[in-house]
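Trainee: My questions will all concern the structure given below.
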Amino acid sequence: MWYCAGDNRPAPFYTSRLFRWASYSSSLTETLGYGFRGFAQFIPTGVGIAFPLQLSPADYSFAPDFSPRSTYCIYSNLMAEKKIIDHFDRPGGYAMPKGATVVQAQAAKAIKAAGVDGGIRLFGDAAPSHQASISQASASPRLQMDNPLTQVYVGDCRDVLPNLPAEVRGHVDLVFADPPFNWDVPYDEWEDGMPRAEYERFTYDWLDACIDVLGPRGSLWVNIPDDTAAEIVLHLKRRGLTMINWCVWHFRFGQCRNTSFIMSKVHALYFAKDPANRIWNPDEILEISDRAAIYNDKRTHEKDTNKGMRVPMDVWYGPYWGRIQGNNKERRSAHHNQIPEVYLERVIRACSNEGDLVLDPFLGSGTTCTVARELNRRSIGVEFGEGNAASAFSRIEQGPIRVKRQRSAPKSSAIAADRTPTSKKKSKAKATKSNSKAAK
Ligand SMILES: C[S@@+](CC[C@H](N)C(=O)[O-])C[C@H]1O[C@@H](n2cnc3c(N)ncnc32)[C@H](O)[C@@H]1O
């Protein structure tokens, strides 16, 4: 059973492809009987997003032969591209004539106009909110260095952010947040295992604290796995922010499991207060397009704009984009869930300018402030664990391993190999051979 929103292709199109595993093999009555429990996974396909809605976990069966019972999948054309065309005549295609950001901005307005959080209710809403406390520790930075100003606060970000000085509150240009995922990670001091409702409430509280310090042109990025991505998106929407991108950080070295597909991604959610006036520097993050790198299409180099370069796509991977584990040079041994420097480089270059203020409410090993400082941005990091904070500060002092203020030559992230036609390749190889003979 398939529900294909906004798409008129027949179900066999999907069942014959990636989504075959999710074909519905029990009766509709059975499905309705269980009721939906929420988003289980989001699978970016490059052309849309499939939302398999997992039913009661105890009741559904998953066999590694990819024939689960009672798994329901909604496929929706959410990844829209702005197409500059007069007559849009591709119903069922993947482009949307309005453009994705326009659609999201309209959604944000509609939710605001509906009042009372747009009627969005989430599981953790009933749990009591955190009451921010003022203590000397949370009201002043524990560690700091100048030029550009870099400050590390020690404490709970839900206490620190409301106590930041007036010149900071409402003036932060970029927030990057990589919170604890509630996965029982043994952080040095933070207890990472709350009851679900409490964790959601914690999440809404720190998100609200971040929104309060963000400037009018500011962006808020959240790094979050499948479990809580949907709730964060809905919470930010009900707070009036606009989703600019739902990016995915893809890595190929994760946990191995055979009870479901192996986790190989985390969501990088990009929201802004004012989509039309946000700080956005596409030229700072350009990479070589597939058209230039694979198809050797000369026309793309001749274009006035970008000359074979483009803004990266919203699935991020490649050299130095793996998880920071093992003997990775970036690795800080005392830290868990460290994020690659290149991830922060992309976010910081794209969404802030030199001299701007970047804030990370969950500093961890210090990746955000380390990269921000190298890129000449002011930064504030908040870290609950005292030991973590000290170690992050020494990393900031040392500077990054990969990222340099002067951007290194942009590369291509193309997956496919160079497609020089075989005949051309042969004659090229011949020419190289005869040249080397001549040289001898
Ligand atoms: C996922 S890690 C961040 C990793 C970081 N992005 C990096 O690259 O190293 C989360 C960090 O947040 C800290 N933390 C947890 N709860 C916190 C809170 N309420 N306020 C501030 N920091 C907190 C933990 O101690 C941990 O170091």
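Residues checked against (1) surrounded by fewer than 22 Cβ atoms within 10 Å (Cβ to Cβ); (2) among the small types (Gly, Ala, Ser); (3) on the phi > 0 side of the Ramachandran plot; (4) not assigned by TED's automatic domain parsing to the domain that holds Cys247:
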{"residue": "Gln338", "(1), (2), (3), (4)": "yes, no, no, no"}
{"residue": "Glu345", "(1), (2), (3), (4)": "no, no, no, no"}
{"residue": "Gly355", "(1), (2), (3), (4)": "yes, yes, yes, no"}
{"residue": "Thr368", "(1), (2), (3), (4)": "no, no, no, no"}
{"residue": "Arg377", "(1), (2), (3), (4)": "no, no, no, no"}
{"residue": "Ala392", "(1), (2), (3), (4)": "no, yes, no, no"}
{"residue": "Val403", "(1), (2), (3), (4)": "no, no, no, yes"}
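Trainee: Still on this structure: Going by what's in this entry, would Glu189 be described as in the same structural domain as Val116 (by TED's automatic domain parsing), modelled with pLDDT of 95 or more and touching a helix residue (DSSP H, G or I) at 6+ places or on another chain (Cβ under 8 Å)? Step through it out loud before you land on a result.
Mentor: Working: in the same structural domain as Val116 (by TED's automatic domain parsing): yes; modelled with pLDDT of 95 or more: no; touching a helix residue (DSSP H, G or I) at 6+ places or on another chain (Cβ under 8 Å): yes.
For Glu189, the condition - in the same structural domain as Val116 (by TED's automatic domain parsing), modelled with pLDDT of 95 or more and touching a helix residue (DSSP H, G or I) at 6+ places or on another chain (Cβ under 8 Å) - is not met.
Trainee: Same structure, new question: Take the residues in region 335-391 that are part of a helix (DSSP H, G or I) and near the ligand (Cβ under 6 Å from one of its atoms), then tell me which one is farthest from Gly254 (Cα to Cα).
Mentor: Filtering region 335-391 down to residues part of a helix (DSSP H, G or I) leaves 341-351, 367-374, 386-391.
Keeping just the survivors that are near the ligand (Cβ under 6 Å from one of its atoms) gives 367, 388.
Numbers: Thr367: 20, Asn388: 24 Å.
Per the criteria, the residue is Asn388.
Trainee: Could you give every pair whose Cβ atoms fall below 8 Å, whose first residue belongs to region 155-170 and is on the phi > 0 side of the Ramachandran plot and of a type in the set (Gly, Ala, Ser), and whose second residue is within 16 Å of the ligand (Cβ to nearest atom) and assigned to a helix (DSSP H, G or I), counting only separations of at least 6 or pairs across chains?
Mentor: Gly155/Ala137; Gly155/Ser138; Gly170/Asp212; Gly170/Val213
Trainee: Report every pair of residues separated by at least 6 positions or lying on different chains whose Cβ atoms are under 8 Å apart, first residue within region 223-249 and small (Gly, Ala, Ser), second not in a strand (DSSP E or B).
Mentor: Ala229/Phe42; Ala230/Gly38; Ala230/Phe42; Gly240/Ala108; Gly240/Ile111; Gly240/Lys112; Gly240/Lys273
Trainee: Identify the single condition in (1) of a type outside the set (Gly, Ala, Ser); (2) more than 14 Å from the ligand (Cβ to nearest atom); (3) touching a strand residue (DSSP E or B) at 6+ places or on another chain (Cβ under 9 Å) that Asp146 does not satisfy, given that it satisfies every other one.
Mentor: Exception for Asp146: condition (3).
Trainee: Only residues that are outside any strand (DSSP E or B), over 15 Å from Leu174 (Cβ atoms) and not acidic (Asp, Glu): list them for region 208-235, please.
Mentor: Within region 208-235, Ala209, Pro225, Thr228, Ala229, Ala230, Ile232, Val233, Leu234, His235 meet the criteria.
Trainee: Being assigned by TED's automatic domain parsing to the domain that holds Pro361 and either modelled with pLDDT of 95 or more or within 14 Å of the ligand (Cβ to nearest atom) (or both) narrows it down to one of Asp184, Asp117, so name that one. Don't jump to the end; show me each part of the working.
Mentor: Working: Asp117 fails: either modelled with pLDDT of 95 or more or within 14 Å of the ligand (Cβ to nearest atom) (or both).
The match here is Asp184.
Trainee: Still on this structure, I have one more. Is it the case, given these coordinates, that Arg169 is within 25 Å of the chain's Cα centre (by Cα), surrounded by 14 or more Cβ atoms within 10 Å (Cβ to Cβ) and either at pLDDT 95 or above or assigned by TED's automatic domain parsing to the domain that holds Gly381 (or both)?
Mentor: In short, yes.
Trainee: Now a separate question. What about Tyr317, is it away from the ligand (no atom under 16 Å from the Cβ), in contact with a His (Cβ under 7 Å, 6 or more places away or on another chain) and farther than 30 Å from Gly387 by Cα? If you could, list the steps in order and put the result at the bottom.
Mentor: Numbers: away from the ligand (no atom under 16 Å from the Cβ): yes; in contact with a His (Cβ under 7 Å, 6 or more places away or on another chain): yes; farther than 30 Å from Gly387 by Cα: yes.
The answer is yes for Tyr317.
The values are calculated or read from the model by the stated rules, or taken from the named source; none is laboratory data. Note that the coordinates shown come from a computational prediction; the quantities given were computed from them, not determined experimentally. Positions of Cβ are backbone-derived with ideal geometry, glycine not excepted, and every protein chain shown enters the neighbour counts.
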